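Engineer: Take this structure, written in structure tokens, and hold onto it; I'll ask about it next.
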Amino acid sequence: MISSQVLSALKPVGIPNLGNTCYINAVMQALASSSALLTHVSQMPHSKNCSQSSEKCLLCSLEQFLALLSTSNSLEEVNFRMKSLLECIYTNLPLFTKGSQEDAHELLISLINTFRTEPAYNSLFLGQLCCQIRCQDCGITSRKLESFSVLSVDIQHAGSLHTSLHTHFHEEYLYGTNAYFCSQCKQPSSLAVKSVHIHSPPEVLFIHLKRFVYEERQSKKLTHYVDYPRQLDVSAFIDKVSLAFDPL
Ligand SMILES: [Zn+2]
Ligand SMILES: [Zn+2]
């Protein structure tokens, strides 16, 4: 249980919108809300051993900004530092251009990749998913591990994160036109069961709600409220069986 004292200490200050930067602000608030990340930033910052200046190095600039967000209550100071962080983002990540509205999820992935260039941060953000498919004809199960740092889940038919996660990790039946080609049977399986589980969770888990869907060749934004708990228990989605197997 997190005490209210700790919660208020974690609460980041507001960030001014400096011209279509709301998507950057949202990502910075999400990063600054992670106590594990802030602990890493304060205890083993990359900037200690970096030869570049924080104006040029995006990771240095991020560390500096997150440290400020977690300690300062001064909007003026945040405003000032935000300007230099923005310049650093636009210079280092050409996908994001000054003044234009971009995608928060894409920025989050780019920033996580930036963090992951530093080994200490890599373990913080890196998890593994295990995808397994069982051919019902021969009974053989194939397993494949893949790395992930952001879990993207559908919310079109979900009013809560709980429902969305259960749907995401639900078993799927493959047959007919969607049949699985079994390497043991050397032919399409008449029925196969596919399931995805978390093999090893990252220390910091990011969940991305897919608010954009494509219907009749058009992109539509889902604006409905998605309920989420303050504490999320993901143990039901962790593959206890696959933990007994060596990584493939
Ligand atoms: Zn640096
Ligand atoms: Zn088979």
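Engineer: Averaging over all projection directions, find the projected area of the Cα convex hull of segment 104-146 and quote it in nm² with one decimal place.
Structural biologist: Details: hull surface 17.1 nm².
For segment 104-146, averaging the hull's shadow over all directions gives 4.3 nm².
Engineer: For segment 4-124, give the magnitude of the charge dipole about the Cα centre (Cβ charges: +1 Lys/Arg, -1 Asp/Glu; no others), in debye to the nearest 20.
Structural biologist: On the way: 7 positive and 9 negative charges, 33 e Å.
The dipole of segment 4-124 has a size of about 160 debye.
Engineer: A further question on this structure: Over the chain, with the other protein chains present, what is the accessible area per residue in square angstrom, probe 1.4 angstrom? Could the numbers behind the result be given before it?
Structural biologist: On the way: 14680 Å² over 248 residues.
I get 59 Å² per residue for this part.
Engineer: Within segment 184-244, which GluC sites (Glu not before Pro) sit in a loop by DSSP and count at most 16 neighbouring Cβ atoms inside 10 Å?
Structural biologist: On the way: sites: Glu203, Glu215, Glu216; in loops: Glu203, Glu216.
Listed in order of number, the matching sites are Glu203, Glu216.
Engineer: Find out how many positive minus negative residues lie around Asn49, taking Lys and Arg as positive, Asp and Glu as negative, among other residues whose Cβ is under 13 Å from that of Asn49. Could the numbers behind the result be given before it?
Structural biologist: On the way: positive: Lys48; negative: Glu63, Glu118.
Net charge around Asn49: -1.
Engineer: Can you give the charge dipole size of the chain about its Cα centre, rounded to the nearest 20 debye, using +1 on the beta carbon of Lys and Arg and -1 on the beta carbon of Asp and Glu? Show your work: numbers first, answer last.
Structural biologist: Details: 19 positive and 21 negative charges, 23 e Å.
Dipole size: approximately 100 debye.
Engineer: Once the piece of chain linking Ile140 and Tyr214 is laid out straight, how much longer is it, given 0.36 nm per residue of separation minus the C-alpha distance between them? Intermediate results must be reported in sequence, preceding the final value.
Structural biologist: Working: separation 74, 0.36 × 74 = 26.64 nm, distance 3.56 nm.
Contour length minus the Cα-Cα distance gives 23.1 nm.
Engineer: Which cysteines does the chain leave without a neighbouring Cys Cβ under 4.7 Å?
Structural biologist: Cys22, Cys50, Cys88, Cys130, Cys131, Cys138
Engineer: Mind computing the radius of gyration and Dmax over the alpha-carbon atoms of segment 4-124? Å is fine for both.
Structural biologist: When restricted to the Cα atoms of segment 4-124, Rg and Dmax are 13.6, 40 Å.
Engineer: In segment 4-124, if the dipole is taken from +1 on Lys/Arg beta carbons and -1 on Asp/Glu beta carbons about the Cα centre, which of Leu62, Gln43, Leu85 is farthest to the positive end?
Structural biologist: My answer, from the dipole projection, is Gln43.
Engineer: Please list the helices of the chain that count as membrane-span-like by this rule: a mean Kyte-Doolittle hydropathy of at least -0.5 together with Cα atoms stretching 18 Å or more along the helix axis, each helix being a complete DSSP H run.
Structural biologist: Values: long enough: 58-71 (20 Å, 1.47); 75-92 (25 Å, -0.08).
Those that clear 18 Å and a mean of -0.5 are 58-71, 75-92.
Engineer: Restricting attention to the alpha-carbon atoms of the chain, what are Rg (one decimal) and Dmax (integer), both in Å?
Structural biologist: Both quantities, over Cα of the chain: 21.1, 66 Å.
Engineer: Also, quick follow-up: Using a 1.4 Å probe over the heavy atoms of the protein chains, calculate the carbon and sulfur portion of the accessible area of the chain as a whole percent.
Structural biologist: Of all accessible area on the chain, carbon and sulfur atoms account for 52 percent.
Engineer: How much net charge surrounds Val153 when only other residues with a Cβ under 12 Å from its Cβ are counted (Lys, Arg +1; Asp, Glu -1)?
Structural biologist: Cβ neighbours under 12 Å give a net charge of +1.
Engineer: What does the convex hull of the alpha-carbon atoms of segment 127-244 project to on average, in nm²?
Structural biologist: Working: hull surface 36.1 nm².
Here the figure is 9.0 nm², rounded to one decimal.
Engineer: Across segment 50-56, in residue order, what do the Karplus-derived ³J(HN,Hα) couplings come to in whole Hz, using 6.51 cos²θ - 1.76 cosθ + 1.60 with θ = phi - 60° and x for Gly and Pro?
Structural biologist: Couplings: 8, 8, 7, 7, 5, 6, 9 Hz.
Engineer: Could you sort the peptides 136-144, 148-156 by per-residue average Cβ neighbour count (10 Å cutoff), highest mean leading?
Structural biologist: Values: 136-144: 14.2, 148-156: 16.7.
In decreasing order of mean packing, 136-144, 148-156 become 148-156, 136-144.
Engineer: Given the Cα-Cα distance of Asn17 and Gln187 and 0.36 nm per residue of separation, how much length would full extension add, in nm? Please list the in-between numbers first.
Structural biologist: On the way: separation 170, 0.36 × 170 = 61.20 nm, distance 5.65 nm.
The Asn17-Gln187 span can extend by a further 55.6 nm.
Engineer: For Cα pairs less than 8 Å apart in space and 6+ apart in sequence, what is the mean separation divided by the residue count of the chain, i.e. the relative contact order in percent?
Structural biologist: Numbers: 350 pairs, mean separation 42.5, N = 248.
About 17 percent, as a whole number.
The values are calculated or read from the model by the stated rules, or taken from the named source; none is laboratory data. Since we're looking at a predicted model, the values are computed, not measured. Using ideal geometry, Cβ is built from the backbone for each residue, glycine included, and neighbour counts are taken over all protein chains shown. Areas reflect the complete protein model, heavy atoms only, side chains present, ligands, DNA and RNA absent. Shrake-Rupley method; radii C 1.70, N 1.55, O 1.52, S 1.80 Å.
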